[in-house]
Amino acid sequence: MPRPAKLARHTRDARRRARRRAGRAYHKRPIRSPDPRRRLGSGEGGPLIRDTEIRLEPERVAAPAEVTRAAAARLGVDAGAIRHVAILRRSIDGRRRPPVYVLRARVWIDETPVAERPWELPLRDVRAARPAVIVGGGPAGLFAALRLIEGGVRPIVLERGRDVRGRRRDVARLARDGIVDPESNYCFGEGGAGTFSDGKLYTRSSKRGDVERILRILVQHGAPADILVDAHPHIGTNRLPGVVEALRKTIVAHGGEVRFGVRVDDLALAGGEVRGVVNASGERVDGAGVILATGHSARDVYRLLRRRGVRLEAKPFALGVRVEHPQALIDRIQYHCDVRPAGLPAAPYGAVRRVGERSVYAFCMCPGGIICPAMTAPGEVVVNGWSPSSRSSRFANAGIVVETTTEDLRAFGGDDVFAGLRLQALTERAAADAGGDACTAPAQRLDDFVAGRVSADLPACSYGPGLRSVDLAAVLPSRVTAALREGFREFGRLMRGYLTHDAVVVGVETRTSAPVRIPRDPRTGMHPGVRGLFPCGEGAGAAGGIASAAMDGERAAAALLRALA
Ligand SMILES: Cc1cc2nc3c(=O)[nH]c(=O)nc-3n(C[C@H](O)[C@H](O)[C@H](O)COP(=O)(O)OP(=O)(O)OC[C@H]3O[C@@H](n4cnc5c(N)ncnc54)[C@H](O)[C@@H]3O)c2cc1C
């Protein structure tokens, strides 16, 4: 039954009044969508589901009544007729002064939304199914396991590190006392490098459906639903361990296995095929295929592959430093105001500049974050960053890194497949030597680093094990230092106030991506020389970040399922 024409009752004056009430919220004409569900009823004024874009001041965005009022004004309807507003996408337009939230919203007008069943992964019970081995319990390994369960194969996940609980103590000890456990640290252990990471989930992947699936699985396991709508989704280090634990419990509840403290030291190869793996204790674990998801910090795995004659390829990567500013300074630069307005999160930034033949860029920027020790062995210093979900620390940190070129690699073995690995390792050792002991990191004030002066003192910094003032040019390859200096100058031009005495440069950021690629046949997903071996994730050089590693793990599992079909 068509309802009385509600929209028709709105005269031009009524629309104007509604727009005035919503102030700045009214901008453009509503966005119409071809989705038939979005325009129901007959003719003008029937019940409607409409998509629209709303712009709201930060202090209003958290109040549902404000959002409804703004949607009403935008669509030119009475706010009382709106039954529900669902936010589809949320971003911040920081070019405006002051910045505004941009919401893409679905609005139900005189129409009650039908409650949708919560999305769930269609998992099977695989207790009696044939097994496949997954080496590594990071995002790639865990999502590969779930995909195998969906396809009716029993995953056996072998993880060298500890479970989340045990690992929490190990990373706390590392951050506080600078003591590295080579099997349990910021990179190794349940959830891999993703567990105590920042939990930023953006990826450059254009496969929206695949990204959304990963986000939905994370929400199903305790991640906040906001990640489904935020333009820059972020979980935060305080929440990630719980999500990772929940993923493991799902795998186990459906008949999969997750074993900790099991380091794989060898492959069981026969006639160009992998039949299983051998653990450090000598135990052999067989499976109908091996998914290798060991991340890019497991250098021993690259060495094992080389020893076994498994072909590897050199891959370009980036290295540099981590820079930390007071968050208030970044807020001022990015939000064009003296004090961050209420309702806005700690401001992020991105920057990329071409310096000669290479790019210098900001990487893994953590607003309101902490710099952490990300080494995996004593005698190395590597830094990275994380932030809690509240992004409430008074610091903003970001990796500032430079692409390596063949020129850089020449001194470390040129064409040899491990030249990049050697450059990475030597830079980390140089940082450890310069820093002194117990994971103290070498550092310099930003303006001093650019000017080539050793800093007389260093500002407060979030890095737990502490800093030592040195000349970072003695730690980094000279071409990298030169590119970084020029990059920082450029960033200073781009963001006024960025190149400052109050910021500190901490060395070194070397684990941005794998310096080695484990090749795979694009048709089968297997290594071209080893049947049944499915390399995936960051360690294979096929992903960079949590979401892309998770997607790649799913792809590897799908390839294994196809091979078994
Ligand atoms: C501090 C920090 C912050 C980060 N922040 C972000 C962020 O905000 N957003 C983002 O997208 N990415 C971030 N990253 C990067 C992200 O965590 C990685 O890209 C991602 O975890 C890679 O997933 P993966 O499964 O391929 O490998 P990993 O996560 O590295 O997992 C590999 C796993 O394999 C295990 N393993 C290795 N060798 C063996 C072996 N021989 N036997 C058994 N197990 C083995 C390891 O213990 C590890 O658990 C961050 C990383 C760090 C360290």
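Computed from the coordinates by the stated procedures, all read-outs in this text should not be read as laboratory data. Keep in mind the model is a prediction, meaning the values are calculated, not measured. With ideal geometry, Cβ positions are generated from the backbone for all residues, glycine too; neighbour counts draw on all protein chains shown.
Helix by helix through the chain, keep the DSSP H runs that span 15 Å or more along the axis on Cα and average at least 0.5 on Kyte-Doolittle, and give those back in order.
Values: long enough: 64-75 (16 Å, 0.18); 139-150 (17 Å, 1.17); 164-177 (19 Å, -1.33); 208-220 (18 Å, 0.05); 240-253 (20 Å, 0.98); 419-435 (24 Å, 0.07); 478-494 (24 Å, -0.37); 546-564 (27 Å, 0.79).
Within the chain the helices that satisfy the rule are 139-150, 240-253, 546-564.
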Under 13 Å from the Cβ of P316, count the other residues' Cβ atoms, weight Lys and Arg +1, Asp and Glu -1, and hand me the total. -2
Using the scaling law 2.2 N^0.38 Å as the reference, what is the normalised Cα Rg of segment 256-311? 1.11
Taking θ as phi - 60°, what are the ³J(HN,Hα) couplings along segment 343-357 by the Karplus curve (6.51, -1.76, 1.60), each to the nearest whole Hz, with x for Gly and Pro? x, 9, x, 3, 6, x, 8, x, 7, 8, 9, 8, 10, x, 8
Under 5 Å from the placed amide H of L88, counting only residues 5+ away or on other chains, we find R104, A105, R106
Taking a ≥ b ≥ c as the square roots of the eigenvalues of the Cα gyration tensor, with a/c under 1.5 meaning rounded and otherwise prolate when a/b exceeds b/c and oblate if not, segment 71-195 is oblate
Counting only residues 5 or more apart in sequence or on a different chain, those whose built amide H sits under 5 Å from that of L267 are V278
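Semi-axes of the chain's equivalent ellipsoid from the Cα gyration tensor, sqrt of 5 times each eigenvalue, largest first, rounded to whole Å? Could you put the intermediate results ahead of the total?
Numbers: eigenvalues 377, 226, 71 Å².
Result for the chain: semi-axes of 43, 34, 19 Å.
Given Cα positions, please report Rg to Rh for segment 318-509, the hydrodynamic radius being the Kirkwood one. List each step's numbers first, then the result.
Details: Rg = 16.1 Å, Rh = 16.7 Å.
My calculation puts Rg/Rh at 0.97.
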With θ set to phi - 60°, apply the Karplus curve 6.51 cos²θ - 1.76 cosθ + 1.60 along segment 98-103 and write out the HN-Hα couplings as whole Hz, x wherever there is a Gly or Pro. x, x, 10, 7, 10, 10
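For W386, W119, what's the fewest-to-most ordering of other Cβ within 10 Å of each Cβ?
On the way: W386 25, W119 12.
So the ranking, lowest neighbour count to highest, is W119, W386.
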If you find the alpha carbon centre of segment 94-139 and of segment 219-253, how far apart are they in angstrom? 10
Once you order the gyration tensor axes a ≥ b ≥ c over the Cα atoms, which shape class does segment 200-255 get: rounded for a/c under 1.5, otherwise prolate or oblate by comparing a/b with b/c? oblate
For L426, put the label point 7 Å out on the Cα→Cβ axis and report which residues of segment 463-498 keep their amide N under 17 Å from it. 473-482
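To make sure I understand, if each residue's beta carbon is the centre and we count other beta carbons within 10 Å, what order do R55, R169, R147, R104 fall in, fewest to most? Could you put the intermediate results ahead of the total?
Working: R55 20, R169 12, R147 26, R104 17.
Final ranking by Cβ density, sparse to dense: R169, R104, R55, R147.
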Along the dipole axis of the chain (charges at Cβ: +1 for Lys and Arg, -1 for Asp and Glu; origin at the Cα centre), the most positive-end residue among F196, A443, L247 is L247
Using amide H atoms built 1.01 Å from N in the peptide plane, name the residues 5+ places from R124, or on other chains, whose amide H lies under 5 Å from its own. E150, G152
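Quick one: order V157, V126 by neighbouring beta-carbon count within 10 Å, fewest to most. Present the calculation step by step, with values, prior to reporting the outcome.
Numbers: V157 27, V126 22.
The fewest-first ordering by Cβ neighbours comes to V126, V157.
Restricting to the chain, what percent of DSSP beta bridges are antiparallel, rounded to 5? Please report the intermediate quantities before stating the final value.
Numbers: 63 of 83 bridges.
Rounded to the nearest five, the antiparallel share is 75 percent.
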Net charge of neighbours whose Cβ lies under 15 Å from the Cβ of C337, counting Lys and Arg as +1 and Asp and Glu as -1: +1
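R0 = 51 Å: FRET efficiency of A62 with D521, Cβ-based, nearest 0.05? Could the numbers behind the result be given before it?
Working: r = 50 Å, r/R0 = 0.98.
Efficiency, rounded to the nearest 0.05: 0.55.
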What does the charge count near S462 come to, summing +1 for each Lys or Arg and -1 for each Asp or Glu among other residues with Cβ under 12 Å from its Cβ? +1
